[in-house]
Amino acid sequence: MADLFRRINFRHFQQDNYPTKEKIEEILQEAINIAPVDKEFFSWRLEIHGPEYAEQKAELVLDTPTFYTKDDDGVELTPKSYISKYGQEKWDDQIRKAFVRRPGSFNCQTQAPYLISVIVHKSIFDDKDTNHYVGYKPERVHPGMQSYRHCINMGIFVHSVALAANNHGVDFAFCCNLHRQVNPILKSIKSDEKFIVFLGLGYFDWSLAGTEGYDDQFVKTDDPDIVRRRTGGVYNIKEHTRTGFKTKKPKTEQIAVWM
């Protein structure tokens, strides 16, 4: 039985130790099998970039800064606004300096040994004409499926991948904070398609947690096996178990009413 308290989202993966391609395929098939997707309609496709794409991922991560990512003067390095104000050349220079200075402020999940892109056709968001949906596999049209149902299905599948990975002792992290689509990893996405989210699979590199430049998510404690999440809860990196959760999680009574 999968341990639900094993999984947690961490941004950094080991680069020299990772599962086999066959294990990733096994996890994906297990996720497909257990995911309660409405009408078994998988209206998306997946692109998988393995460890051999490390160089491209090292560039891709530069397009995933967070609001903690600053330039030399403390200005937030959000590509669109920063480039429009200071120019592409300065952004290229400052984003690389920021990564060296504070890599933990980037969504380094995109450097996972196995990076999976979830991609859909833009027609799934057209609720005016649901009879002309362009799909992938299985190659069939299901008239009348509104966009929100496609989105629910994708969410169910993504979490099923997390559960399946967890069941196999493989770490999972996701990232949808992509500011630009200029990396070669994304070049196969067509103009009538939309990138949804990255799924990262591999083994977390907990040796980085709480160290200088890598302390945006977790900080060290007096126990070398325990790291504390800044947003709430602690994680035992030896036993792979968590205690406590993000403090912003609501209480059941805040969202549920007995009728």
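When F5, F10, F42 are checked against the criterion of being touching a residue at least 24 places away in the same chain (Cβ under 8 Å), more than 25 Å from P184 (Cβ to Cβ) and in the same structural domain as K190 (by TED's automatic domain parsing), F42 stands alone in meeting it.
In the range 105-116, the residues that are touching a residue at least 12 places away in the same chain (Cβ under 8 Å) and closer than 14 Å to N183 by Cβ form Cβ pairs under 6 Å with partners that are part of a helix (DSSP H, G or I) and among the aliphatic types (A, V, I, L, M), at six or more places apart or across chains, as follows: F106/V61; T110/L60; T110/V61; Q111/V61.
Scoring I48 on the criteria (1) in the same structural domain as R101 (by TED's automatic domain parsing); (2) touching a Leu at 6+ places or on another chain (Cβ under 9 Å) leaves a single failure, condition (1). Which residue is nearest to F106 (Cα to Cα), if the candidates are limited to the range 12-51 and must be buried (at least 18 other Cβ atoms within 10 Å of the Cβ), modelled with pLDDT of 95 or more and not hydrophobic (A, V, I, L, M, F, W, C)? Across the range 12-51, the extreme among qualifying residues is H12. K23 satisfies every condition listed in (1) under 17 Å from the mean Cα position of the chain (by Cα); (2) under 28 Å from A209 (Cβ atoms) except (1). Here K187 meets each of (1) at pLDDT 95 or above; (2) loosely packed, with under 13 Cβ neighbours inside 10 Å with one exception, condition (1). Please verify whether the range 86-98 includes one or more residues that are of a type in the set (A, V, I, L, M) and at pLDDT 95 or above. Yes; the residues of the range 86-98 include at least one that is of a type in the set (A, V, I, L, M) and at pLDDT 95 or above. If you go through the range 209-259 and keep only what is outside any loop (DSSP other than H, G, I, E, B) and surrounded by 13 or more Cβ atoms within 10 Å (Cβ to Cβ), you end up with F218, V219, K220, I226, V227, R228, R229, V234, Y235, N236, T241, R242. Screening D93 with (1) in contact (Cβ under 8 Å) with a residue 40 or more places away in the chain; (2) more than 16 Å from the chain's Cα centre (by Cα) gives one miss only, at (1).
Of the listed requirements (1) more than 21 Å from N177 (Cβ to Cβ); (2) touching a Lys or Arg at 6+ places or on another chain (Cβ under 7 Å), P51 misses just one: (2).
Within the range 13-39, the set of residues being in the same structural domain as N183 (by TED's automatic domain parsing), touching a helix residue (DSSP H, G or I) at 6+ places or on another chain (Cβ under 8 Å) and not in a loop (DSSP other than H, G, I, E, B) comprises I27, L28, E30, A31, I32, I34, D38.
The values are calculated or read from the model by the stated rules, or taken from the named source; none is laboratory data. Note that the structure is a prediction, hence the values are computed from the model and not measured. Quick reminder, even Gly has a Cβ in these numbers, built from the backbone with ideal geometry, and neighbours come from all protein chains shown.
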